[in-house]
Structures are given as C-alpha cells and as structure tokens.
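Each remark here refers to the structure printed beneath this line.
The values are calculated or read from the model by the stated rules, or taken from the named source; none is laboratory data. Because the structure is predicted, anything quoted here is derived from the model rather than measured. We place every Cβ from the backbone using ideal geometry, glycine too, and count neighbours over all the protein chains shown.
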Amino acid sequence: MSKRSQRGISNVEYVQAEEDLFRHYKDNKIFPDELLEQMNLFATAQHKRRELFLYEIYKLLIDKPGAIAQFGVRWGREIALFEMYRTIFEPFNHSRIIYGFDTFSGYPTVSKTEQNELLKMGGLGLSKGYFDYLLEVLRTREKLNPLPQVEKFELIRGKVEDTLPKFLNDKQHQLFVLVHLDLNLGNATRFVLKHIKKHLFKGSIIVVDETCHPKMAGETLAVLEEFSGHKIALKRFPSINTTWQSYFIVE
Ligand SMILES: C[S@@+](CC[C@H](N)C(=O)[O-])C[C@H]1O[C@@H](n2cnc3c(N)ncnc32)[C@H](O)[C@@H]1O
C-alpha cells in the first residue's frame, strides 16, 4: 500500500500531483551547492503547517526552563526543527537540550486491539544504518550553531518501555518544558506519561500528535487517562493547525 493510500487519499489528480512534485525534486536542475536553500520548491503547505504548529509551540516554551523530549522521531525532521528554533530564538541556551526517543526501527509491538492498516508491527521502519547517519547529520548541524562544543541533543534508541526508566533515573534533575507525543500507540504513550509526569511542572507543554484520530485512538485515550481527561484544556492554533495535532499546558 502506498504512503498516500495509507493516509486515505484517493483523489487521483491530487495523488498524481504529489507524485509529480516528487519527480520534479528527483529531476531537479538546481546547482547542487544551492539545493538546500531551495527546498521550499518541493515542500507543500501540509509540510509547512507542521513546522508552523511547532513554531507556535516553541514560542510558548521560550520563557520557561527545561528540556524538549520528542517521543517518536523517525527520520528526525522535528529534532532538526527544534534545533533550528533554539538557534534562532535562544542561541546560547544550552540547557534547552533536545531528546529524541525512538526504536529507530519502527513500531516494536502493536497490541492486538490497536492493530489496523496504519498500525502494524515493524511499520514506519527506517533504512539500514539510518540511526548513525542521523547522528552524524545532527552533529554536523551543531557545528553550524553557537556553542558547538556543547552537545545539546541526545537520541535514545530502543523501546521507550526499556529506555525511559533508566534515562529518567540517571537524570533526576531533568525537567521537561515540552513533551511531544508522536508514538501513535496507546500503551507506549501511557508508559511515557506515567514515567515522565514527575519531571513536568506547572507550565510544561504536552503536544498530542494524533488527537481524536480514529485509527490511532490509543494516543488520545492514554492522555485522557493519565491527565484525568476533563481537567486538560486541549487547544489548537486556528488556521495553521494540522488536522490531528493539539496541545495542553500542565496545571
Ligand atoms: C509517527 S512516527 C514519528 C514521526 C516524527 N515525529 C515526524 O513527524 O517525523 C512514530 C515513531 O514512533 C516510534 N515508536 C513507536 N512505538 C515506539 C516505542 N514503543 N518505543 C520507541 N519508539 C516507538 C516508531 O519507531 C516511529 O518512528
């Protein structure tokens, strides 16, 4: 099943246009040393809305202490994005560490009740050697930023159920200003929230990537259970919000 039909997009012309854009990218005639600056030619509003959403989120966290934790990194576009926002808005804040948690090999387990065409064991896998490649890319990016001598990100590879308890035990001082939930799975999200709660403070921001998603209901249910539902004020950003993303501020 193609990525597009997985997302339920069936409009033939739209799918064709997406494919054409990808072809234009592959066949691009831009001088290689100018290509990175011209990437907006191939990005669409769908891509950019995600970035704008996180830009609005970043503005909310800037006057607060604490690190950023993303649960569900995949290829790493948002780890790079958080790093860009940090460099733009608070270039010398090396306490704003960005942590990325992922197996870096796709869904490790999907409970029977959650399995469907979007959620399958091993779904969202990565290409061979990608973890090391991503590390290298992020380290290179850091060299372009202020305080390159301080490593201000960490990728934590493995099932969060295995990695998070030790990580938090080793870093009992670490508070999180932002927890980005994008594992798509109920049990893993519930596990993260149960453990990370004591590292949150009044004002921490939680992003829920799949709010009310009928095929990824577990993420919403886990949030409601762990934050006794009716007490959280879930919000979105009118006009720029992507379909399913929302956030709330811990009280
Ligand atoms: C939707 S993707 C993340 C996408 C990323 N935030 C982005 O926008 O590009 C979900 C990720 O969660 C990871 N994941 C799911 N369950 C996990 C678990 N129990 N432990 C660690 N990673 C998990 C998968 O490997 C996958 O890369």
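Residue pairs whose Cβ atoms lie under 8 Å apart, separated by 6 or more positions or on different chains, with the first residue in region 68-79 and in contact (Cβ under 8 Å) with a residue 12 or more places away in the chain and the second of a type in the set (S, T, N, Q) and near the ligand (Cβ under 6 Å from one of its atoms), are G72/N184.
Quick check on my filter: what residues within region 149-188 are within 12 Å of the ligand (Cβ to nearest atom) and among the β-branched types (V, I, T)? Once the filter is applied, which keeps residues that are within 12 Å of the ligand (Cβ to nearest atom) and among the β-branched types (V, I, T), region 149-188 yields I156, V160, T163. Only one entry of I30, I68 meets the criterion of being in the same structural domain as P214 (by TED's automatic domain parsing) and hydrophobic (A, V, I, L, M, F, W, C), and that entry is I68.
Looking across region 65-91, just one residue is among the hydroxyl-bearing types (S, T, Y) and in contact with a helix residue (DSSP H, G or I) (Cβ under 8 Å, 6 or more places away or on another chain), and that is Y85. Note on region 79-113: among residues that are hydroxyl-bearing (S, T, Y) and near the ligand (Cβ under 10 Å from one of its atoms), the one that is surrounded by the fewest Cβ atoms within 10 Å (Cβ to Cβ) is T109.
When V150 is tested against (1) among the aliphatic types (A, V, I, L, M); (2) surrounded by 14 or more Cβ atoms within 10 Å (Cβ to Cβ); (3) more than 20 Å from the chain's Cα centre (by Cα), just one condition goes unmet, and that condition is (2).
In the condition set (1) more than 18 Å from I196 (Cβ to Cβ); (2) within 15 Å of the ligand (Cβ to nearest atom); (3) in contact with a Leu (Cβ under 8 Å, 6 or more places away or on another chain), A69 is compliant with all but (1).
The set of residues in region 114-147 that are of a type outside the set (A, V, I, L, M), surrounded by 12 or more Cβ atoms within 10 Å (Cβ to Cβ) and part of a helix (DSSP H, G or I) comprises Y130, F131, Y133, R139, R141, E142.
Restricting region 158-183 to residues that are surrounded by fewer than 15 Cβ atoms within 10 Å (Cβ to Cβ) and basic (K, R) leaves a set whose member that is nearest to D102 (Cα to Cα) is K166. The condition of being surrounded by 20 or more Cβ atoms within 10 Å (Cβ to Cβ) and either within 16 Å of the ligand (Cβ to nearest atom) or at pLDDT below 95 (or both) holds for F191.
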